[in-house]
Every structure is written in structure tokens, then in C-alpha cells.
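Student: I am attaching a structure below and will ask some questions about it afterwards.
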Amino acid sequence: MLAQLPRTRWGGVVDHRFRRGQYFHLDKRDGVFWLVDPDGGRFLSKGVNTVRFDQDQIQNSDRIPYAEACGLKYGNQAAWRSAAAARLATWGFNTLSAWSDELVATAGPVPLAVTPNLDLGMSFARSTERKQEFPDVFDFSFDSFARRRARELCDGRRDDQNIIGWFIDNELRWGPDWRGPDELLMLFLDLATKSPGRLATIAWLRERYSDFTQFNSIWRTSAKSWEAFAALSRITPPYRRNPSYQCSAGEEAEANRADGNRATFTADCDAFAGWVAERYFVLSATAIRAADPNHLVLGCRFAYVPPYSVIEAAARHTDIISFNCYERDARTSINAYAATGKPCLIGEFSFRAEDSGLPNTNGAGPRLATQIERAACLRDYITSALQEPTLVGYHWFEHADQPAEGRFDGENSNFGTVTIDDRVYEHLTRAMTAVNTKAEELHNLAGAAAT
């Protein structure tokens with residue numbers, strides 16, 4: 001049985017087929033992608049998000065219920081870190097994922113790998129005078145900002161062995177989603193009139209269309225020329241699309257067949273998203289690698305499957321494509337990214353149950369009746385995902401439950417491996433332990449299935 005096979009200190013399986021290296025790296029054997037740990041172990045990143053003592057302050061309050069409970073239970077953060085690290089190792093996890101307290105990584109019986117999120121693009125967007133919903137990657141200061149932030153966060157850690165790699169951002173807005181109905185193209189057209197992003201967007205449209213009349217037959221604006229179009233303070237899109245996770249490719253194709261102008265507009269939107277993605281990924285990946293050439297670039301944690309032009313850009317410039325997937329089955333999403341030939345990593349997934357006593361009114365993913373169902377969904381999700389040869393890791397969201405009153409964004413759900421007073425969800429964590437223990441065996445079978 002795999003559980004009896006020797007493992008490296010990182011939790012990778014020792015099988016002598018992979019080269020040792022000073023840092024985590026990628027390899028592929030028999031058609032299956034793997035991470036390889038610094039000791040040469042065959043490694044899947046099995047992680048948990050937000051492993052921290054001070055998780056989730058109640059919105060509009062200074063209270064952090066989980067910290068209050070753990071302070072009483074453990075006495076201090078050092079004792080909590082040791083206990084949390086030991087539990088994660090017992091459950092078969094080997095990675096502290098995004099937003100975790102990295103001191104936990106060295107507090108337990110075995111080291112845990114880490115995958116920090118640099119928040120590179122959105123920290124730039126929030127730093128601008130007029131807050132942007134997507135970073136203006138055409139602003140010349142974006143490149144210098146990215147390089148400076150990468151130096152600050154990555155340069156001093158380039159020799160750390162426990163870093164698998166860096167997430168660039170989390171859940172950027174590539175099109176219509178829960179945050180609003182606008183396409184990325186419309187977000188850039190809605191920037192300030194003289195902003196670099198808006199000027200670049202209008203120049204891109206002018207190059208795409210032979211003349212303004214042709215353009216306006218599709219877009220139906222009030223302008224009579226490119227100059228008048230550029231002066232518009234607000235541009236209304238001629239069509240709206242549902243978020244990609246709310247409609248099928250077949251439905252989109254049918255709508256475009258019924259209206260050629262709609263097909264042209266949506267093609268504009270998808271091509272523009274790919275153009276922006278190319279600049280975003282090349283600048284951010286270059287900045288990270290300049291500061292730290294030793295660790296992997298893990299992508300930007302897509303919240304949903306974006307236009308394929310965006311996926312292609314990510315594949316050209318990142319080592320791994322990361323995405324968050326709160327469906328019952330991740331295989332459709334995995335296959336969408338696998339078409340590029342690059343390995344992928346699930347940055348977030350979760351299930352929540354009504355018997356937790358939490359409202360579960362805000363938060364992603366299925367709502368189930370019981371903890372038993374929650375454990376079964378976890379087991380089925382990971383087992384099926386591991387059948388895909390491109391998968392190199394999966395990270396559960398998150399360590400502790402959210403407060404019933406809602407965290408900073410109102411989420412109030414049963415996402416935790418433990419309750420808000422640090423009681424372990426036994427059904428869930430037993431399922432985690434079982435599937436984590438056999439994960440490498442299941443993934444190894446993906447190669448045989450592919451042939």
C-alpha cells in the first residue's frame with residue numbers, strides 16, 4: 001500500500017525516478033504531471049487556505065472569534081501553531097496555501113510547503129487614485145510597480161526551500177461575474193478619459209476595424225467618429241453576456257448564430273481579454289522571475305474559466321495554471337486548462353453543510369444537508385480530479401469556519417476543517433486523511449487511463 005512507502009521529509013513519495021533539486025520543480029512521467037520536492041519526492045500539493053490564528057474578523061467589528069477561542073484553548077499563538085501544524089500533517093496535508101501564517105509551516109513534526117499570494121496586480125489597482133476593477137496593465141507604472149513589489153516580497157526568499165511558488169493574484173475579473181455584468185473590454189473603456197488603459201483600448205479597436213462606420217454598425221454608439229467616441233464619458237455595450245459559469249458554450253454559440261453583430265462583439269471582447277492577459281502575464285511573470293528565479297510561477301487563481309485567449313496567455317508565461325473551482329466536479333474546468341498542455345492546480349474548493357448551524361447565505365459552492373454528505377463530496381471531488389494527468393495539487397478553502405455574523409465581505413459559511421471554536425469536523429477530516437494518503441496512487445493511475 002502507498003501509505004507504507006517511504007516519503008521524503010516534505011511528504012513526497014520516494015520512488016527514485018525523479019531528480020533531486022534544491023527547490024520544488026515540475027516533471028512529467030508516463031503522461032502524468034508531478035511536482036517534485038527538493039529531496040526528489042513525487043509530490044502533489046495538498047493544502048489548506050487561511051491557516052491562521054487571526055482568521056476572519058467580524059465585519060464592522062474588531063472581534064475575531066476564532067482567535068478568541070484559540071487564545072483560551074492554547075494560551076498563545078506558538079502553542080496554536082504547533083497544534084495546527086500537527087493536525088494538518090495527520091490529515092495528510094503538506095502545504096499551507098494562500099493567506100496562511102507561514103510560521104505554522106515550521107511549527108509541527110514535518111515541514112509544510114507554502115504557496116504565498118503576491119496580490120501583484122490588484123495591489124496596483126487599489127493603489128491608484130481612481131480604484132480600478134482590473135489593473136491598468138498599460139500604465140507604464142504598472143511594470144515598475146510589479147518589479148518593485150516582487151523584489152520586496154520575493155527577492156529575500158529566493159533561497160527558501162519550502163516555497164513551491166508564487167500565486168500572482170486571486171480571482172481577477174476577466175469578464176462578467178458576480179461583481180458586475182461588464183466585459184473586461186468595457187471596464188477598460190470605463191477608465192478615465194486620458195488613462196493609459198483607455199487610450200490603449202481605443203487604439204486597439206481602431207486597429208481592429210477598418211473604419212468607424214463598420215465599428216459603429218456593431219457597437220451602435222452615439223458617436224460619429226473615433227475622436228467623438230474617445231470623448232464619450234460613458235459607453236454602453238451593445239450586448240450583455242451571462243457569466244461563463246451560468247451558461248453553456250452551446251447556448252453562447254446559438255446566441256451568436258442568431259445575431260452576427262453579437263458574434264462580432266463577443267469576439268472583440270474575447271480577443272481584447274487575451275491581449276490584456278498577454279501583457280498582464282508577461283509583465284508579472286517577468287517581475288517575479290527577475291526577483292526570484294528559483295521558484296515556480298503558479299498563475300493567478302482564475303475564479304471561473306475565462307476566454308481561451310486568456311488561458312493561452314497564462315500558459316505561455318506561467319509554470320502552472322491555477323484556478324478556484326467550487327463545482328461538485330472539477331474535471332470540466334481541469335480539461336479547459338489542460339488543452340494548453342500545462343499542469344494545473346486547484347487553488348480553492350469547498351463544501352458546506354447546513355447542520356453546522358452557520359447561515360451559509362454568503363459564500364461559494366454547494367450547500368449540503370450534513371457533515372457526512374460534505375465528507376462524501378470532498379472525497380468524490382478529489383478522487384475524480386486526480387484522474388486528470390495535468391493536476392499537480394488541490395487546496396481546500398479553508399482552515400476554520402467563518403463567523404455567523406459575516407467576515408469582511410459578508411461570507412458566513414461552514415468552509416472550515418474546524419469550527420470557529422476549533423473543534424475538528426471528524427467526518428470531513430477523516431475523509432481528507434483517507435484521500436490524501438492515497439492521492440499519489442490515484443494520480444499515478446491517470447497515466448494508465450490516458451493510454
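Any read-out appearing in this document is the output of simple, stated calculations on the displayed coordinates, not a laboratory observation. No experiment lies behind these values; they were computed from the predicted model shown. Don't worry about glycine lacking a Cβ; one is built from the backbone with ideal geometry, like all the others, and counts go over all protein chains shown.
Student: Determine the relative contact order of the range 298-444: mean sequence separation of Cα pairs under 8 Å and six or more apart, normalised by residue count, in whole percent.
Tutor: Relative contact order, the range 298-444: 22 percent.
Student: To check my understanding: the extent here is largest minus smallest coordinate of the Cα atoms along each principal axis. What are those three numbers for the range 46-130, in Å, largest first?
Tutor: Sorted largest first, the three principal extents are 46, 29, 17 Å.
Student: Using a basic spin-label model with each label point 7 Å from the Cα along Cα→Cβ, how many nm lie between ALA86 and ILE372?
Tutor: So the two model labels end up 3.1 nm from each other.
Student: Enumerate by residue number the chymotrypsin sites (Phe, Trp or Tyr not before Pro) in the range 283-375 meeting two conditions: DSSP loop (anything except H, G, I, E, B), and at most 11 other Cβ atoms within 10 Å of the site's Cβ.
Tutor: none
Student: Could I have the simple spin-label model distance between LYS28 and SER217, label points 7 Å from Cα toward Cβ, reported in nm to one decimal?
Tutor: That separation, rounded to one decimal, is 4.4 nm.
Student: Sticking with the crude label model, points 7 Å out along Cα→Cβ, report the distance from SER61 to ARG240 in nm, one decimal please.
Tutor: Taking the simple label geometry, SER61 and ARG240 are separated by 3.5 nm.
Student: How big is the shadow of the Cα convex hull of the chain, averaged over all directions, in nm²?
Tutor: Spelled out: convex hull of the Cα atoms, projected over all directions, averaged, 22.6 nm².
Student: Find the relative contact order for the range 184-270 and round it to a whole percent, using C-alpha pairs within less than 8 Å whose residues are 6+ positions apart.
Tutor: Worked out over the range 184-270, it gives 26 percent.
Student: Kirkwood hydrodynamic radius, computed over distinct alpha-carbon pairs, for the range 309-379: how many Å, to one decimal?
Tutor: 13.7
Student: How are the C-alpha pair distances of the range 235-388 spread across 10 Å bins, as whole percents from the shortest bin up?
Tutor: Answer for the range 235-388: a P(r) of 10, 30, 30, 22, 8, 0 percent.
Student: Bins of 5 Å, beginning at zero and ending with the bin holding the largest distance: percent of Cα pairs per bin for the range 1-151, please.
Tutor: Pair shares across the bins are 2, 8, 13, 13, 14, 13, 13, 12, 8, 3, 1, 0.
Student: Right, here's the next one. Going by average Cβ neighbours within 10 Å, how do the peptides 309-316, 160-167 rank, with the highest at the top?
Tutor: Output ranking for 309-316, 160-167: 160-167, 309-316.
Student: Cross-link candidates for LYS194: which aspartates and glutamates have Cα within less than 15 Å, leaving aside residues fewer than 8 places away along the same chain?
Tutor: Cross-link targets: GLU129, ASP136, ASP139, GLU227.
Student: Then there's this: Please find the FRET efficiency linking ASP159 to LYS73, where r is the Cβ-Cβ separation and R0 is fixed at 45 Å, and quote it to the nearest 0.05. All intermediate terms of the calculation are to be shown ahead of the outcome.
Tutor: Numbers: r = 36 Å, r/R0 = 0.79.
Efficiency at R0 = 45 Å is approximately 0.80.
Student: Using alpha carbons only, what's the Rg to Rh ratio of the range 184-270 with Rh from Kirkwood?
Tutor: Looking at the range 184-270, the ratio lands at 0.98.
Student: Given a cut-off of under 8 Å on Cα pairs at least six residues apart, what relative contact order in percent is computed for the chain? Numbers along the way, then the final one.
Tutor: On the way: 904 pairs, mean separation 83.3, N = 451.
Relative contact order comes out at 18 percent.
Student: What FRET efficiency comes out for the pair ARG9/GLU133, r = Cβ-Cβ distance, R0 = 56 Å, nearest 0.05? Don't skip to the end; give the middle numbers.
Tutor: Working: r = 43 Å, r/R0 = 0.77.
So the FRET efficiency works out to roughly 0.85.
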